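Computed from the coordinates by the stated procedures, all read-outs in this text should not be read as laboratory data. The model shown is predicted, which means the values in this text are computed figures rather than measured ones. When we count neighbours, we look across all protein chains shown, and the Cβ atoms used for this are built from the backbone with ideal geometry, even at glycine.
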Amino acid sequence: FACMSRSFQAVHLATEGDSVGPAISSIIEYVSQNATSATLESTASHFHYNPSYFSRMIKRVTHQNFSDILLRFRLELAADYLLNTDLRVQEIAAKAGFGSGSYFSVAFKNCYHMSPNQFRKQKQSQE
């Protein structure tokens, strides 16, 4: 989960002392709770922002794109499914909000430096 903890530590540090910090904290919490269905447009609308402005604000405050933040939450959810269910990788990709199983596999490997199946096997062998 190394890519997750670094990412959200950075979000927390970036929002400290910023006048929109509380709003960003609420936004991050919302995305966390709705990662499977959230989009830039739906999240901006939920918080009454124009999507273009919202995107720039997120980038300015967190130094990350909204899509990167959303991706990390989805990957975290997928990792949890891999560890705690017997669902197939394709099913996990769909449940975690990924439209494509192949995109999920590539994104997962970029974050965790192993395939979803390797991750599952490695974590199970450590228990």
| request: Taking the Cβ of A94 as the centre, find all other residues whose Cβ is under 12 Å away and add up their charges (Lys, Arg: +1; Asp, Glu: -1). | output: +2
| task | Using the Kirkwood radius over Cα pairs, work out the Stokes-Einstein diffusion coefficient for segment 24-127 at 10 °C and 1.306 mPa s, in µm²/s as a whole number. | result | 110
| remark: The summed charge of the A35 Cβ neighbourhood (under 14 Å; Lys/Arg +1, Asp/Glu -1) stands at -1
| Which length gain, in nm to one decimal place, applies between K123 and H48 when the Cα-Cα distance is subtracted from 0.36 nm times their residue separation? | 22.9 nm
| Which percent of Cα-Cα pairs in segment 36-93 sits in each 10 Å bin, short to long? | 22, 41, 23, 14, 0
| remark: Any lysines whose Cα falls less than 26 Å from that of K59, other than same-chain ones fewer than 8 residues away, would be K109
| So how many Å³ per residue does the convex hull of the Cα atoms of segment 64-109 work out to? | 64
